[in-house]
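**Q** Take a look at the following structure, please.
The values are calculated or read from the model by the stated rules, or taken from the named source; none is laboratory data. Here the structure is a predicted model, which is why all the values come from computation and not from measurement. Note that we place each Cβ from the backbone using ideal geometry, even for glycine, and neighbour counts take in every protein chain shown. With ligands, DNA and RNA removed, areas are computed over all heavy atoms of the protein, side chains included. Shrake-Rupley method; radii C 1.70, N 1.55, O 1.52, S 1.80 Å.
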Amino acid sequence: MNNDDGTFSLWKECRDPVVLALVGGAIDTIGFIALFGFFTAHVTGNLVLAGAAWVKDGEGIWIKLAAIPLFILTVAITKYLIDSTHSKHKTLAMLFLFEALFLTGFMLSGLYFEPFANANSWTVGITGGLGLIALAIRNTSSKTLIKHLSPSTMMTGNTTQFGIDLSNYMRNKTHDNRHKMWKSLSIVMGFVAGAFLGAILYVSLDFWSVIFFILPILYLAYLASQQRFKEPEPAKKAD
(Lines give C-alpha, C1' and ligand atoms only; values in the text may rest on other atoms or scores of the structure.)
Protein backbone atom coordinates (compact mmCIF):
# COMPACT_ATOMS: atom_id res chain seq x y z
CA MET A 1 0.00 0.00 0.00
CA ASN A 2 1.40 3.37 -0.99
CA ASN A 3 1.89 6.21 1.45
CA ASP A 4 0.14 9.48 0.72
CA ASP A 5 3.42 11.17 -0.16
CA GLY A 6 4.29 8.46 -2.68
CA THR A 7 7.45 7.31 -0.84
CA PHE A 8 6.78 3.60 -1.24
CA SER A 9 5.92 3.83 -4.91
CA LEU A 10 9.07 5.86 -5.53
CA TRP A 11 11.23 3.20 -3.86
CA LYS A 12 9.47 0.44 -5.75
CA GLU A 13 10.16 2.24 -9.01
CA CYS A 14 13.77 3.13 -8.16
CA ARG A 15 14.82 -0.06 -6.35
CA ASP A 16 16.29 -1.85 -9.37
CA PRO A 17 18.24 1.05 -10.93
CA VAL A 18 19.52 2.19 -7.52
CA VAL A 19 20.79 -1.30 -6.66
CA LEU A 20 22.43 -1.57 -10.09
CA ALA A 21 23.99 1.88 -9.73
CA LEU A 22 25.30 1.03 -6.26
CA VAL A 23 27.00 -2.13 -7.56
CA GLY A 24 28.35 -0.30 -10.61
CA GLY A 25 29.87 2.45 -8.48
CA ALA A 26 31.43 -0.04 -6.07
CA ILE A 27 33.00 -2.32 -8.69
CA ASP A 28 34.32 0.61 -10.73
CA THR A 29 35.92 2.08 -7.60
CA ILE A 30 37.42 -1.20 -6.40
CA GLY A 31 38.94 -1.80 -9.83
CA PHE A 32 40.30 1.74 -9.97
CA ILE A 33 41.96 1.49 -6.55
CA ALA A 34 43.33 -2.03 -6.90
CA LEU A 35 44.34 -2.07 -10.57
CA PHE A 36 46.31 1.12 -11.10
CA GLY A 37 43.41 3.24 -12.31
CA PHE A 38 41.63 0.61 -14.42
CA PHE A 39 37.91 1.28 -14.94
CA THR A 40 35.75 -1.85 -15.17
CA ALA A 41 32.63 -0.01 -16.40
CA HIS A 42 33.87 3.32 -17.68
CA VAL A 43 35.29 2.94 -21.19
CA THR A 44 35.75 6.70 -21.52
CA GLY A 45 37.90 6.70 -18.39
CA ASN A 46 40.18 3.98 -19.78
CA LEU A 47 40.61 5.92 -23.02
CA VAL A 48 41.48 9.11 -21.14
CA LEU A 49 43.94 7.30 -18.88
CA ALA A 50 45.51 5.55 -21.88
CA GLY A 51 46.04 8.93 -23.51
CA ALA A 52 47.56 10.30 -20.31
CA ALA A 53 49.82 7.26 -19.99
CA TRP A 54 50.99 7.71 -23.60
CA VAL A 55 52.43 11.18 -22.93
CA LYS A 56 53.74 10.32 -19.47
CA ASP A 57 55.36 7.01 -18.64
CA GLY A 58 53.17 4.62 -20.62
CA GLU A 59 52.37 2.41 -17.61
CA GLY A 60 49.36 0.18 -18.16
CA ILE A 61 48.54 1.65 -21.56
CA TRP A 62 48.18 -1.73 -23.29
CA ILE A 63 45.71 -2.95 -20.66
CA LYS A 64 43.55 0.14 -20.92
CA LEU A 65 43.57 0.01 -24.73
CA ALA A 66 42.89 -3.74 -24.77
CA ALA A 67 39.84 -3.07 -22.60
CA ILE A 68 38.08 -1.47 -25.57
CA PRO A 69 37.97 -4.47 -27.97
CA LEU A 70 37.25 -6.79 -25.03
CA PHE A 71 34.28 -4.62 -24.06
CA ILE A 72 33.00 -4.54 -27.66
CA LEU A 73 33.41 -8.30 -28.08
CA THR A 74 31.51 -8.96 -24.84
CA VAL A 75 28.70 -6.65 -25.93
CA ALA A 76 28.47 -8.37 -29.33
CA ILE A 77 28.31 -11.86 -27.78
CA THR A 78 25.77 -10.74 -25.19
CA LYS A 79 23.57 -9.16 -27.86
CA TYR A 80 23.74 -12.37 -29.88
CA LEU A 81 22.55 -14.34 -26.84
CA ILE A 82 19.71 -11.88 -26.30
CA ASP A 83 18.61 -12.15 -29.93
CA SER A 84 18.76 -15.96 -29.77
CA THR A 85 16.28 -16.26 -26.90
CA HIS A 86 12.58 -15.45 -26.71
CA SER A 87 11.81 -15.20 -22.99
CA LYS A 88 12.80 -11.72 -21.84
CA HIS A 89 12.66 -12.36 -18.10
CA LYS A 90 14.60 -15.63 -18.35
CA THR A 91 17.23 -13.99 -20.55
CA LEU A 92 17.60 -11.08 -18.13
CA ALA A 93 17.94 -13.50 -15.20
CA MET A 94 20.61 -15.40 -17.15
CA LEU A 95 22.56 -12.21 -17.87
CA PHE A 96 22.47 -11.20 -14.22
CA LEU A 97 23.82 -14.65 -13.35
CA PHE A 98 26.61 -14.23 -15.92
CA GLU A 99 27.41 -10.82 -14.41
CA ALA A 100 27.57 -12.39 -10.94
CA LEU A 101 29.77 -15.20 -12.31
CA PHE A 102 32.32 -12.82 -13.83
CA LEU A 103 32.27 -10.63 -10.71
CA THR A 104 33.11 -13.77 -8.76
CA GLY A 105 35.99 -14.39 -11.16
CA PHE A 106 37.07 -10.76 -10.67
CA MET A 107 37.09 -11.29 -6.90
CA LEU A 108 38.91 -14.63 -6.96
CA SER A 109 41.47 -13.40 -9.49
CA GLY A 110 42.21 -10.37 -7.34
CA LEU A 111 42.61 -12.50 -4.23
CA TYR A 112 44.89 -14.95 -6.03
CA PHE A 113 47.16 -12.50 -7.84
CA GLU A 114 47.55 -9.75 -5.25
CA PRO A 115 49.76 -7.94 -4.56
CA PHE A 116 49.90 -6.59 -8.11
CA ALA A 117 53.45 -5.69 -9.09
CA ASN A 118 52.87 -2.94 -11.67
CA ALA A 119 50.33 -1.49 -14.06
CA ASN A 120 51.71 -3.50 -17.01
CA SER A 121 51.32 -6.87 -15.31
CA TRP A 122 49.26 -9.49 -17.15
CA THR A 123 47.65 -10.34 -13.81
CA VAL A 124 46.21 -6.82 -13.77
CA GLY A 125 44.87 -7.41 -17.28
CA ILE A 126 43.20 -10.70 -16.34
CA THR A 127 41.63 -9.37 -13.15
CA GLY A 128 40.48 -6.13 -14.72
CA GLY A 129 39.20 -7.97 -17.78
CA LEU A 130 36.94 -10.21 -15.69
CA GLY A 131 35.39 -7.19 -13.99
CA LEU A 132 35.05 -5.41 -17.32
CA ILE A 133 33.25 -8.39 -18.90
CA ALA A 134 30.78 -8.43 -16.00
CA LEU A 135 29.84 -4.80 -16.47
CA ALA A 136 29.92 -4.99 -20.27
CA ILE A 137 27.17 -7.61 -19.94
CA ARG A 138 25.32 -5.19 -17.66
CA ASN A 139 25.68 -2.32 -20.13
CA THR A 140 24.31 -4.48 -22.93
CA SER A 141 21.28 -5.36 -20.82
CA SER A 142 20.80 -1.66 -20.09
CA LYS A 143 20.72 -0.87 -23.82
CA THR A 144 18.38 -3.72 -24.74
CA LEU A 145 16.31 -5.63 -22.19
CA ILE A 146 16.08 -2.91 -19.53
CA LYS A 147 16.54 0.23 -21.61
CA HIS A 148 13.51 1.74 -19.83
CA LEU A 149 15.75 2.15 -16.77
CA SER A 150 18.35 4.88 -16.45
CA PRO A 151 21.92 3.68 -17.15
CA SER A 152 23.50 2.35 -13.96
CA THR A 153 27.21 2.73 -14.74
CA MET A 154 27.40 6.10 -16.55
CA MET A 155 26.49 9.01 -14.32
CA THR A 156 27.05 11.97 -16.64
CA GLY A 157 23.63 11.52 -18.24
CA ASN A 158 21.95 10.81 -14.91
CA THR A 159 23.53 13.87 -13.29
CA THR A 160 22.43 16.00 -16.24
CA GLN A 161 18.91 14.58 -15.92
CA PHE A 162 18.85 15.42 -12.22
CA GLY A 163 19.81 19.02 -13.02
CA ILE A 164 16.98 19.20 -15.58
CA ASP A 165 14.48 17.64 -13.16
CA LEU A 166 15.60 19.99 -10.38
CA SER A 167 15.10 22.98 -12.65
CA ASN A 168 11.66 21.75 -13.69
CA TYR A 169 10.63 21.26 -10.05
CA MET A 170 11.88 24.69 -9.00
CA ARG A 171 9.86 26.22 -11.82
CA ASN A 172 6.74 24.12 -11.30
CA LYS A 173 6.44 22.32 -7.95
CA THR A 174 4.05 19.56 -8.98
CA HIS A 175 3.96 16.05 -7.52
CA ASP A 176 5.07 14.61 -10.87
CA ASN A 177 8.09 16.93 -11.11
CA ARG A 178 9.07 16.14 -7.53
CA HIS A 179 8.81 12.43 -8.26
CA LYS A 180 11.06 12.74 -11.32
CA MET A 181 13.58 14.84 -9.38
CA TRP A 182 13.88 12.29 -6.55
CA LYS A 183 14.04 9.44 -9.06
CA SER A 184 17.03 10.87 -10.94
CA LEU A 185 18.73 11.95 -7.70
CA SER A 186 18.33 8.49 -6.16
CA ILE A 187 20.25 6.85 -9.02
CA VAL A 188 23.14 9.32 -8.79
CA MET A 189 23.27 8.94 -5.01
CA GLY A 190 23.15 5.15 -5.39
CA PHE A 191 26.29 5.26 -7.55
CA VAL A 192 28.03 7.67 -5.15
CA ALA A 193 27.10 5.48 -2.18
CA GLY A 194 28.44 2.44 -4.02
CA ALA A 195 31.72 4.21 -4.80
CA PHE A 196 32.29 5.16 -1.15
CA LEU A 197 31.12 1.78 0.15
CA GLY A 198 33.32 -0.08 -2.33
CA ALA A 199 36.37 1.97 -1.31
CA ILE A 200 35.75 1.50 2.41
CA LEU A 201 35.15 -2.24 2.11
CA TYR A 202 38.15 -2.75 -0.17
CA VAL A 203 40.47 -1.04 2.29
CA SER A 204 39.13 -3.28 5.06
CA LEU A 205 38.54 -6.57 3.24
CA ASP A 206 40.63 -6.44 0.08
CA PHE A 207 38.95 -8.25 -2.85
CA TRP A 208 36.62 -10.09 -0.46
CA SER A 209 34.67 -6.81 -0.56
CA VAL A 210 33.35 -7.76 -4.01
CA ILE A 211 31.12 -10.47 -2.52
CA PHE A 212 28.91 -7.81 -0.96
CA PHE A 213 28.08 -6.59 -4.47
CA ILE A 214 27.66 -10.01 -6.05
CA LEU A 215 24.77 -10.79 -3.69
CA PRO A 216 22.53 -7.92 -4.92
CA ILE A 217 23.04 -9.06 -8.52
CA LEU A 218 21.97 -12.58 -7.58
CA TYR A 219 18.91 -11.07 -5.92
CA LEU A 220 18.06 -9.17 -9.12
CA ALA A 221 18.54 -12.40 -11.10
CA TYR A 222 15.96 -14.02 -8.84
CA LEU A 223 13.54 -11.10 -9.30
CA ALA A 224 13.98 -11.29 -13.07
CA SER A 225 13.36 -15.04 -13.10
CA GLN A 226 10.12 -14.48 -11.17
CA GLN A 227 9.09 -11.63 -13.51
CA ARG A 228 9.31 -9.22 -10.58
CA PHE A 229 11.99 -6.97 -12.08
CA LYS A 230 10.61 -3.52 -12.90
CA GLU A 231 8.89 -3.56 -16.28
CA PRO A 232 8.44 -0.52 -18.53
CA GLU A 233 5.21 1.37 -18.16
CA PRO A 234 2.76 0.68 -21.00
CA ALA A 235 2.66 3.36 -23.63
CA LYS A 236 -0.32 5.67 -23.47
CA LYS A 237 -2.74 5.39 -26.36
CA ALA A 238 -3.33 8.48 -28.41
CA ASP A 239 -6.77 10.03 -28.13
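**Q** Note the per residue figure in Å³ for the convex hull of the C-alpha positions in the chain. Before the final figure, lay out the partial values.
**A** On the way: hull volume 37.1 nm³, N = 239.
Taking only Cα atoms, the chain has a hull volume of 155 Å³ per residue.
**Q** Can you figure out the FRET efficiency of residue 111 with residue 84, using R₀ = 30 Å and their beta-carbon distance, to the nearest 0.05? Please list the in-between numbers first.
**A** Working: r = 34 Å, r/R0 = 1.13.
Calculated value: 0.30.
**Q** OK, next. Once both axes come from the Cα atoms, what is the angle between helix 7-34 and the longest principal axis of the chain, in degrees from 0 to 90, rounded to 10?
**A** In the chain, helix 7-34 runs at an angle near 10 degrees to the longest axis.
**Q** Would you work out the relative contact order for the stretch 124-232, in percent, from Cα pairs under 8 angstrom that are 6 or more residues apart?
**A** Values: 48 pairs, mean separation 23.1, N = 109.
Across the stretch 124-232, relative contact order equals 21 percent.
**Q** For the stretch 135-197, treating each Cα as an identical point scatterer without solvent, what Debye log10 I(q)/I(0) comes out at q = 0.13, 0.19, 0.23, 0.29 1/Å?
**A** -0.39, -0.75, -0.95, -1.15
**Q** Across the Cα atoms of the stretch 99-188, what radius of gyration and what greatest pairwise Cα-Cα distance (Dmax) are found, in Å?
**A** Taking only Cα atoms of the stretch 99-188, I get Rg and Dmax of 18.7, 55 Å.
**Q** Kindly provide the pair-distance distribution of the stretch 11-123 built from C-alpha pairs, with 5 Å bins from 0 and whole-percent values in order of increasing distance.
**A** 2, 10, 16, 21, 19, 15, 9, 5, 3, 1
**Q** Using the alpha-carbon atoms, what tilt in degrees (0 to 90, nearest 10) does helix 122-143 show relative to the longest principal axis of the chain?
**A** It is inclined by approximately 20 degrees.
**Q** Same structure, new question: In this model, which of 90/183; 64/90; 12/90; 12/79; 64/147; 90/180 are farther than 24 Å apart at the alpha-carbon? Mind showing how you got there, number by number?
**A** On the way: 90/183 27 Å; 64/90 33 Å; 12/90 21 Å; 12/79 28 Å; 64/147 27 Å; 90/180 29 Å.
90/183; 64/90; 12/79; 64/147; 90/180, as the Cα separations exceed 24 Å there.
**Q** Describe numerically, in nm with one decimal, the distance between label points set 7 Å from Cα along Cα→Cβ at residue 168 and at residue 147.
**A** Roughly 2.0 nm, to one decimal.
**Q** A further question on this structure: Taking the 0 to 90 degree range and rounding to the nearest ten, how far is the long axis of helix 88-113 tilted relative to the main principal axis of the chain, both from C-alpha atoms?
**A** So the inclination is approximately 30 degrees.
**Q** I would also like to ask the following. On the accessible surface of the stretch 40-125, probed at 1.4 Å, how many percent belong to carbon and sulfur atoms?
**A** Values: 3390 of 4710 Å².
That fraction is 72 percent.
**Q** Given a Förster radius of 22 Å and the C-beta distance between residue 205 and residue 76 as r, what FRET efficiency does 1/(1 + (r/R0)^6) yield to the nearest 0.05? Don't skip to the answer; put the middle values down first.
**A** Numbers: r = 34 Å, r/R0 = 1.56.
After rounding to 0.05, the efficiency reads 0.05.
**Q** Which whole-number percentage describes the relative contact order of the chain, with Cα contacts under 8 Å and a sequence gap of 6 or more?
**A** 34
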